[in-house]
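Every number in this text was worked out from the coordinates using simple rules, so none of it is lab data. Here the structure is a predicted model, which is why all the values come from computation and not from measurement. Cβ placement follows ideal geometry from the backbone for every residue including glycine, while neighbour counts extend to all protein chains displayed.
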Amino acid sequence: MNTISRNEAQSTLELIEQIQRQTRRALAHGGGPFYMMLWGAIWFLGYLANQFLSEQLAGYIWMFLVSLGMIASIAIGWRHARRLRYPTHDARIGLFWLAWIIYSSLIIWLTGAQTDATRLSLIIALFAMFGYVVMGLWLWRPLAWIGITVTVIAVGAYLLLPNYVDLVMALLGGGTLFVSGLYIYRSWR
């Protein structure tokens, strides 16, 4: 039976910590935190519009915000893909989100969920958080926890505070995404 010396164990632990720091720095320098801050801000503004403006005006604001967000996301992805050693990985992420948009739109359309604005907001949030959970399982576990946390907040608000679900989603849903992205960007550099 092989035994490991105390110095070898210490050296191995230091190497593991160094790799963890390098991984965190790579994530902070990648596009992830920027996507999270961008979409957190979009959620914040969009859900505030849902809470305080007419359904029609809020819909126009969401269309503008999502269009702006998609353009900004493409720009962020393009900018950071040039720095990556394996840019195909980044392309797969973009293709995943494109497939997510197509499938979630089809499901919403085919189920008729778009007839109730509050339920539609919840369903879109759940689809988005499903995407975060998948990304977390695939790439980086904290994304899965962010997705689960926002899912619990969204469903809890829908069930317990139905008149304020959009306000809760603006503050806690959008806020969680934005603050998580900001935390990663600022503290892991």
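GNM on the chain, C-alpha springs below 10 Å: top fluctuator among Val134, Val150, Val168?
The residue with the greatest mean-square fluctuation here is Val134.
Whole-Å semi-axes of segment 122-166's equivalent ellipsoid, largest first, each the root of 5 times a Cα gyration tensor eigenvalue?
On the way: eigenvalues 102, 16, 6 Å².
Gyration-tensor ellipsoid for segment 122-166: 23, 9, 5 Å.
Among Trp78, Ile153, Leu15, pick out the residue whose Cα is farthest towards the positive end of the charge dipole of the chain, where Lys and Arg carry +1 and Asp and Glu carry -1 on C-beta, about the Cα centre.
The Cα lying farthest towards the positive end belongs to Leu15.
I'd like the distance separating the alpha-carbon centroids of segment 38-59 and segment 148-162, in whole Å.
First find each Cα centre; the distance between them is then 17 Å.
So if I place +1 on the C-beta of Lys and Arg and -1 on the C-beta of Asp and Glu, and nothing else carries charge, what would the dipole magnitude of the chain be about its Cα centre? I want it in debye, nearest 20.
Rounded to the nearest 20 debye, it is 720 debye.
Please identify, among Gly31, Gly77, Gly59, the residue showing maximal mean-square fluctuation in a Gaussian network model of the chain using a 10 angstrom Cα cutoff.
Per the Cα network of the chain with a 10 Å cutoff, Gly59 tops the list.
What value, in deg cm²/dmol to 500, does the helix sum -39500 (n - 2.57) over DSSP H runs of n ≥ 4 give at 222 nm once divided by the residues of the chain? Provide the component values of the computation, followed by the final result.
On the way: 8 runs with 156 residues, N = 189.
About -28500 deg cm²/dmol.
Over the chain, with a Gaussian network built from C-alpha contacts below 10 Å, which listed residue (Phe44, Phe64, Phe130) shows the highest mean-square fluctuation?
It is Phe64.
Would you kindly give the portion of the calculated P(r) for the chain that falls above 26 Å, as a percent of all Cα pairs?
Numbers: 6612 of 17766 pairs.
When all Cα pairs of the chain are counted, 37 percent exceed 26 Å.
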